[in-house]
Ligand code: SF4
Ligand code: SF4
């Protein structure tokens, strides 16, 4: 071993001291994610507050990780949660299983299910990583009313789903 060999070994370390630091200072400094990042899911609402989910279970069938549980229920005129016949009575996503692939949101026929950019989903408690419908429902925005309530934007479900593009304006996605 030559006399300068130990010094050569430290050369790499020394050179790195002058390079730009790539370390993220998370969680003190939070990086903004891409707009289409696949984060926490959201169950969206119509502009009057009724839920877009019709409890069809297509999202659950599309999920390769078996992370979604849906149980549909029947709307009645006295107790209505969505414009159609059925609504999502129970809805759960297990984030211990979810791989963020987005196949569920592609499968959803009503655009009820979308994904937000919220990514801070880690927890040391397995139970709280099973999100319930209450955890996933979009907040009530101005002009929205907490269901159950009658259809405010038309007499038929088609007024919501067929004429949806106009109604969908202003809905958080
Ligand atoms: S993002 Fe993928 S893994 Fe997660 S719930 Fe949806 S389909 Fe399942
Ligand atoms: S989120 Fe969409 S696909 Fe899933 S049950 Fe509701 S309407 Fe059907």
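The values are calculated or read from the model by the stated rules, or taken from the named source; none is laboratory data. It should be emphasised that the depicted structure is a prediction, and the values quoted were computed from it without experimental measurement. Using ideal geometry, Cβ is built from the backbone for each residue, glycine included, and neighbour counts are taken over all protein chains shown.
Quick notes
- Subset of region 104-120 [within 12 Å of ligand 2 (Cβ to nearest atom), loosely packed, with under 15 Cβ neighbours inside 10 Å and over 20 Å from residue 157 (Cβ atoms)]: 106
- Residues of region 80-92 classified as more than 12 Å from residue 53 (Cβ to Cβ) and within 15 Å of ligand 1 (Cβ to nearest atom), total: 1
- Filter result (touching a residue at least 40 places away in the same chain (Cβ under 8 Å), within 10 Å of ligand 1 (Cβ to nearest atom) and assigned to a strand (DSSP E or B)) within region 93-128: 93, 113, 115
- Qualifying residue in region 142-155 (condition: crowded, with 17+ Cβ neighbours inside 10 Å and within 16 Å of ligand 2 (Cβ to nearest atom)): yes
- All of 160, 91, 95, 87 fail the test of being surrounded by 15 or more Cβ atoms within 10 Å (Cβ to Cβ) and modelled with pLDDT under 95, apart from 160.
- Filtering 59, 53 for residues that are in a loop (DSSP other than H, G, I, E, B) and either within 16 Å of ligand 1 (Cβ to nearest atom) or in contact with a strand residue (DSSP E or B) (Cβ under 7 Å, 6 or more places away or on another chain) (or both) leaves a single hit, 53.
- Checking every residue in region 27-38 against the condition of being under 26 Å from residue 143 (Cα atoms), more than 16 Å from ligand 2 (Cβ to nearest atom), without any contact (Cβ under 8 Å) to a residue 40 or more places away in the chain and surrounded by fewer than 16 Cβ atoms within 10 Å (Cβ to Cβ) gives zero matches.
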